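A.B. asks: Here it is, the structure in full.
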Amino acid sequence: MQKIDKHIKEYDRRQFFSRFFKAGFSIAAACTLGYGFYDPEGPHHASRHLSADPTADVFPDFSVPEARGRICRVREADRAKALGLALEALGGIGAFIRKGDRVLLKVNAAFASPPVLSATTHPLLVAEMIKHCFRAGAGEVVVTDNPINDPRSCFLLTGIGKAAEDAGARVVLPEERLFKPMTVPGAALIRNWPVLFEPFNGIDKVIGMAPVKDHHRSGASMTLKNWYGLLGGRRNIFHQKIHDIIMELSLLIRPTLVVLDGTTPMITNGPTGGSLSDLVTANTLIAGTDPVAADVLGATLLDKSAHDFPYIGKAEAAGAGTTDYRSLDFQEI
Amino acid sequence: MAEAKRSPGPKETLLGLFLLGVLAAIAAGIYVDQYRFYPDLIEHTADLRVKSGFGEGAATIFSRFELPDNLTPFSESEHFDAKRLSDKINGKAELYLSAGFVRLETRRFQVNAHPESWMEAFIYRMRDPQSAFAVFSMQKRKDGIPAELGQAAYSTANALYLVQGPYYLELVASTETSMMKDALHALASAFVKAFPEAQGPAPEKPYFPPEGLNPESILLIPADAFGLETLDRIYTAEYRLEDAVMTAFVSLRADANEARMLSTAYRDFLLQFDAQPLESPFPDQKGWTALSVMGMTEIFFSQGPYFAGVHQAADPEKAMALTAYLNDHLTGMLPAIPAFKAGSREAISK
Amino acid sequence: MSILNVRRVSQGFFLLLFLWFCVVAALGDAWWQLRGWPVNWFLELDPLTGLGTLLSTHTLYNGLFWGLVPVILTILLGRFFCGWVCPFGTLHQFVGYLGRRRKAFTEKRMANRYSRWQAVKYYILFWMLGAAMADLLVFLSGISWNDPQFGWMTAALFLIGSLLAVLFHTLYQEQKRFDALIFPVFWVILFVLALKTTRIFQSSLQTGLLDPIPLFHRSVNLILLPLVDPGRHTLSAAFRHYQGAWLIGTIFFTAVFLNLKSPRFYCRYVCPLGALFGLFARYSLGRIGKTQSPCAACNMCDADCEGACSPATSIVWGECVLCLNCLGACTTRQLAYRVRPSEGGEILLPDFGRRGFVFSMVSGVAAVPLLRAGGGLSHGWNPALVRPPGALPEAAFLSRCIKCGQCMRICPTGVIQPAGLEAGLEGVWTPVLDFRMGTSGCHHTCIACGHLCPTAAIRALSFDERLGRNAYAKDGPVRIGTAFIDRGRCLPWAMDKPCIVCQENCPVSPKAIFTREYFSRLRFSESLKIKKAGPLYVEFDGERLPPGQLETGDYYCILRGTGDADPRRILKNGADRIEIYPQNPWKKPPAPENRVEIRIRLQQPYVDIDRCIGCGVCEHECPVSGKRAIRVSAENESRHPKHALTFAGTHDTHAFRKG
């Protein structure tokens, strides 16, 4: 009897200690959890207007130092031929593209428009540019843009997608993960704003290609406005300050070259146009290293001057280029 | 409850008492805790509190601003509601009560290391900024020197008077030393800092045209102006025209109707005292009432929602001129009047 | 002192304390107003709030640390909270007592029989925890070596992991190996998913729906107090109406009256907090049990057993609420609270089975992305959802709000209302502002709601932040929305009636509503023919004018056909005559061949969206009292930079860092 009693007592004791430890363990776990995650202050206010300037984060400078300050204007009806003449006048594509370079073409594919309406960069021009790049020894050519309409249909219906791929380039369609917040130093608008950055990773040279268009809000859409296609987020809000945003865009990225296609400029009802009667035939192609100067030349095709477009003056004042194209190495063909 | 009848053993009783002790401790802890007011909350939501007909809570105004370092309180803060106000300031209570009094808090402070230098601070919480301004201006001392504090302030040899939003402050000191003056100033500044009531231009200034005006003389009579009960919220100001000093008055009523009725009422009131109509040299001014009462000239009119005029002037001609000046000024202030001017139709009201 | 009486005193004490806290939650510094009363203490003591927010925000906020106290005590003693502290439980117990006073012994026993359905509350608990846990898991999978909290986190994880393993081991009833794999596989899948996508794996805090403390607060704040407020504005600033309160009231009273049928119905079958305590009570050092088996088997203990844990047979320890009625009832003194488990056998928890557990938890996890698949938190956001100032961005808000109604209670103007479906199913009874209700708009200098929110779903704003001053001057004041004028309903815009009530009441300085003057021609003025006129009056043929109606000072007379087209303000009018103010007489009085127009001067309001803070005073004061002519909607609210209308709110698209 005593043995049984002893056994019972032992069993009870073991049981008790087992529970004791489990209880202690649970208490320890609970306290650790509580302490580890303790947050006395709660969620913080995050300034909507950052008191300190966010760290500046812009694209690297893609311009070629030895080949700066060149601009030319070619009068030629055939786009491919015009491009060839223009590149030669600027010193040859080899002056800009080295062997093995990875080149990115920033085209205007904003609308799902057929190329004949001149609302987007002409696919023939894109294809031709890609061929020139490969001839100069480029290792890879990437074509991208963040269109206004649906990206897939834009690249398809404008013909740019097929032309690019046929010429051997890679088309990158915009996706949310390809954007990152960037900041132009001293800017009021591009602060921590999502910009299409990923396709530029590892890129050596950037060429902007845009058609000459009238634009209802900014007056014109040419090489400087072309960079609007790098912005993500709800960028429509910048239309309230269109000239300032274009100025900041000119500081965000400095390309190697810009090509401004004025073969059939859209002189009215821009930027979408829609009717062939919105176009004229000017048979002009402008190319150069200075987007401000290029836009000034493009303005003449719209029968206007630099003064008609406030953003040009702002970009020049910010140091993105010069309006006096004659002060550059200006070639006319 | 199907409770068996049994008496609890000693262990149980002890345990029970212990647990009751725990409850008591919790209650005590909560009681102590409720004295630590939610910081930002109570302070800044004063206007939003439940309207209590039960009397105000504990005095806290003095705890809401930082005392300057060199002052220490040497009495408890006292507070008085409308019923007990006369316990503190006796006959003067009448003035405050008729102007819209809510509460008074007082406390005495002394300057560190100088026990003979002490002061008493009276903080009157009035119903609204206008009431505060009314009691401030009605008691303005003639020898007061304007001070740059709060919305309006002036100091005398041993005191500082201040109005800030709905508060009227009186700081009265026991000595006239400059150390004391500085201490008064510091205390008043601390108060102003803690109660940054909405700043804005003094409401009364725009009523009075600037030429000849003595800006320090602007008073707000909350009620019973000039002997007539219904004349309330009358602003008065002193003007100097050549060498004659006159009192002009302006009051903004609810609408044109009320202004007209008030004008008529005042005229009837004065007629009771044998007032005689004066010949007006301005034949077009049909709306004016010009009376001679007991040897003094009284001219007044209603213009839109404004009831205004000149009170007890000695020289009737100068009074007329001042009235005309006042009239033009108020005419210019009527919201619709810009439409009379040819040209822009756009009137953007603030 | 019988321990039973102590328990009754304790229950009474906490119930009265709870009700007192509800009553004093009104702004003010009188002893019966807010002052420093710790009115959120019960919510903070509630460990389900703490655990829920820990899962859904990976933080334990401030006062919720109190939740550890009942947890520790429960681990040691058992479910004392349910029987001694919980005010809702006390209410149920009391009503149950009233209901069974006259009942026979057998009836009482039958009512307290243990039922399998008591496992339902565990399912409810697991469902809620499943819905909330996504955030913590995503967070844990993202934590790095360098984080100073890493040490604590690892330790916590290790401990939890071990506990879960033990729990799983005891749930593991059968030998089938495959079944055993479900649990760890489930966790692995969750981790993997957490790393990759946040669309499938999101948190939502729904504990507030059935957690008794928030539920009781909600019911008292929104139903009971408004109903009993003596109307002299003692309990709150104005008589309170709460939309949709009928549902809250129905649930409350149903729960209360069900006790007449089955005592502590809510506690036994529904209460997730009770389930949580049941889980914690497993290893308690003391438990109720028989000291001898078999005992006298009189079954007296079952008659008043509150927890329906059947102490007469094998006690279900997880269901015992420590009411101690059984101890009091036992005539033979064979029941005791002691260290050793009951001699008559002990069952730890109601049998809810592994499958039940997994199924409820997984449905909880799955429910959240399902509810959000409609895009309610992104493109499909509801502009009618105006949240209180200081509210977090919506996803974070729904991870914290326990629907306690404290913000609604403290709001001095009564505009905070319990939501219906404005915020989706997840947002039922969360705070949303309705400016037609209440006494005014959201007062622009008030910061009460955030200071009272126990979980910081609404942040406690400082005065400076609220008004946009000093350090916050660049951000500007906190905005909860923007007012939009409905020009088809606004009196000066559509009805030719002067009104600028909205502009007058706009509280910000400078005002966010400005007006532009517009003179609208009255219809009858086209056919007026001048009979005769003087410099200060015009008489017409016939009696076309409404006598006396044009004297308000808003009406003007304009002469056409001469060079003098300045509007003259009409002073008086009869049926056929108008007189103008003497200040500006017609130099050339109107002649019968001239035309005259009667115009009414209107001030048409415009909203300045750079200044509007969405306070809703304009909407509240608008005399078009049905569908208001100026209405606030949530565009431009500070908490969502993506909803900005202008540049003021757009700069930081990644606006919120959690603490």
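A.B. asks: So if the hydrodynamic radius of chain C is defined as the Kirkwood radius over C-alpha pairs, what does Stokes-Einstein give as its diffusion coefficient at 37 °C and 0.692 mPa s, in µm² per second?
C.D. replies: D, rounded to a whole number, is 113 µm²/s.
A.B. asks: Can you sort C:R479, A:R254 so the residue with the fewest Cβ neighbours within 10 Å comes first?
C.D. replies: Listed from fewest to most nearby Cβ atoms, that is A:R254, C:R479.
A.B. asks: Please state the Cα pair-distance histogram of the stretch A:80-129 with 5 angstrom bins from zero: what percent is in each bin?
C.D. replies: Percent of pairs per bin, in order: 4, 17, 21, 23, 18, 10, 6, 0.
A.B. asks: If amide H atoms are built 1.01 Å from N in the plane of the peptide, which residues on other chains or at least 5 residues away come under 5 Å of the amide H of A:G69?
C.D. replies: Amide H neighbours of A:G69, under 5 Å, 5+ apart: A:T289.
A.B. asks: Sticking with this structure for a sec: Considering only C-alpha atoms, what is the centroid distance from the stretch A:195-261 to the stretch C:483-539, in Å?
C.D. replies: Each part's Cα centre sits 47 Å from the other's.
A.B. asks: While we're on this one: Suppose we keep just the alpha-carbon trace of the stretch A:104-189; what are its Rg and Dmax in angstrom?
C.D. replies: My reading of the Cα-based Rg and Dmax gives 14.1, 42 Å.
A.B. asks: Over the alpha-carbon set of chain A, work out the extent along each principal axis and list the three values in angstrom, largest first.
C.D. replies: Extents along the principal axes, in whole Å: 119, 42, 42.
A.B. asks: Along the charge dipole of chain A, which of A:H215, A:A127, A:L231 sits closest to the positive end, that is, farthest toward it, with unit charges on the beta carbon of Lys, Arg, Asp and Glu (+1, +1, -1, -1)?
C.D. replies: Farthest along the dipole direction, towards plus: A:L231.
A.B. asks: Give me a comma-separated list of calculated 3J(HN,Hα) values for the stretch C:304-315, in order, Karplus coefficients 6.51, -1.76, 1.60 applied at θ = phi - 60°, integers in Hz, x for any Gly or Pro.
C.D. replies: Per residue, the Karplus-derived 3J(HN,Hα) values read 10, 5, 6, x, 6, 9, 6, x, 5, 10, 7, 6 Hz.
A.B. asks: Separate question: Report, by chain and number, residues whose modeled amide H sits under 5 Å from the one on A:E76, excluding near sequence neighbours (fewer than 5 apart, same chain).
C.D. replies: A:T284, A:L285
A.B. asks: Right, something else. For the stretch C:469-479, just list the computed ³J(HN,Hα) in residue order, Karplus coefficients 6.51, -1.76 and 1.60, θ = phi - 60°, integers in Hz, with x standing in for Gly and Pro.
C.D. replies: For the stretch C:469-479, the Karplus curve yields 10, 6, 4, 9, 5, 6, 7, x, x, 5, 10 Hz.
A.B. asks: Using the count of nearby Cβ atoms within 10 Å as a rough guide to exposure, how do C:H443, A:H215 rank from fewest to most? Before the final figure, lay out each step's value.
C.D. replies: Numbers: C:H443 21, A:H215 17.
Lowest to highest Cβ neighbour count: A:H215, C:H443.
A.B. asks: Using the Cα atoms of the stretch C:508-615, I'd like the radius of gyration and the largest Cα-Cα distance, Dmax, both in angstrom.
C.D. replies: 17.0, 53
A.B. asks: Could you work out how much longer the chain between C:Q243 and C:A395 gets when fully extended? Use 0.36 nm per residue separation minus the Cα distance between them, nm to one decimal. Numbers along the way, then the final one.
C.D. replies: On the way: separation 152, 0.36 × 152 = 54.72 nm, distance 2.37 nm.
Taking 0.36 nm per residue and subtracting the Cα distance, the gain is 52.4 nm.
A.B. asks: First measure r as the distance between the Cβ atoms of C:Q549 and B:D328, then evaluate 1/(1 + (r/R0)^6) with R0 = 35 Å and state the FRET efficiency to the nearest 0.05.
C.D. replies: FRET efficiency, C:Q549 to B:D328: 0.70.
A.B. asks: According to a simple spin-label model (label point 7 Å from Cα along Cα-to-Cβ), what is the distance in nm between C:N299 and B:R240?
C.D. replies: 10.6 nm
A.B. asks: Mind pulling the per residue volume of the convex hull built on the Cα atoms of the stretch C:558-632? Å³ is fine.
C.D. replies: 180 Å³
A.B. asks: Starting from the Cα of C:K572, step 7 Å along the direction of its Cβ; do the same at B:L95; then give the gap between the two resulting points in nm.
C.D. replies: Reported label-point gap for C:K572 and B:L95 is 4.4 nm.
A.B. asks: Could you tell me how many degrees, from 0 to 90 and to the nearest 10, lie between the Cα long axis of helix C:120-132 and the main elongation axis, the longest principal axis, of the Cα atoms of chain C?
C.D. replies: 60 degrees
A.B. asks: Given charges of +1 on the Cβ of Lys and Arg and -1 on the Cβ of Asp and Glu, with all other atoms neutral, how large is the dipole of the stretch B:66-191 about its Cα centre, in debye to the nearest 20?
C.D. replies: 460 debye
A.B. asks: Can you pull the one-decimal nm distance between simple spin-label points at B:Y35 and A:D166, each 7 Å off the Cα toward Cβ?
C.D. replies: Those two pseudo-labels are separated by 8.9 nm.
A.B. asks: Continuing with the same structure: Relative contact order of chain C: what whole-number percent is it, with Cα pairs under 8 angstrom and at least 6 residues apart?
C.D. replies: 14 percent
A.B. asks: If the only charges are +1 at each Lys and Arg Cβ and -1 at each Asp and Glu Cβ, what is the size of the charge dipole of the protein assembly as shown around the Cα centre, to the nearest 20 debye?
C.D. replies: Details: 140 positive and 127 negative charges, 1255 e Å.
Dipole about the Cα centre, nearest 20: 6020 debye.
A.B. asks: Run a plain Debye calculation on the protein assembly as shown (Cα atoms as equal point scatterers, no solvent) and give log10 I(q)/I(0) at q = 0.07, 0.08 Å⁻¹, rounded to two decimals, same order as the q list.
C.D. replies: Scattering profile of the protein assembly as shown, log10 relative to I(0): -1.01, -1.15.
A.B. asks: What pairs from A:K131/A:K162; B:K88/B:K140; A:K99/A:K131; C:K121/C:K290; A:K81/A:K162 go past 18 Å between their alpha carbons?
C.D. replies: Numbers: A:K131/A:K162 14 Å; B:K88/B:K140 20 Å; A:K99/A:K131 14 Å; C:K121/C:K290 27 Å; A:K81/A:K162 21 Å.
Over 18 Å apart, Cα to Cα: B:K88/B:K140; C:K121/C:K290; A:K81/A:K162.
A.B. asks: Taking a 23 Å limit on the Cα-Cα distance, which of the listed pairs C:K103/C:K261; A:K241/A:K304; A:K225/A:K314; B:K318/C:K588 fall beyond it?
C.D. replies: Numbers: C:K103/C:K261 11 Å; A:K241/A:K304 21 Å; A:K225/A:K314 13 Å; B:K318/C:K588 34 Å.
Exceeds cut-off: B:K318/C:K588.
A.B. asks: Order these by the 10 Å Cβ neighbour count, fewest first: B:Y161, C:Y269.
C.D. replies: So the ranking, lowest neighbour count to highest, is C:Y269, B:Y161.
A.B. asks: Excluding the sites themselves, what is the longest stretch of chain C that contains no GluC sites (Glu not before Pro) in a DSSP loop with at most 12 other C-beta atoms within 10 Å?
C.D. replies: My reading of the result: C:175-542 is the longest stretch.
No lab work stands behind these numbers, since they all come straight from the coordinates. These figures come from a predicted structure and were not determined experimentally. Quick reminder, even Gly has a Cβ in these numbers, built from the backbone with ideal geometry, and neighbours come from all protein chains shown.
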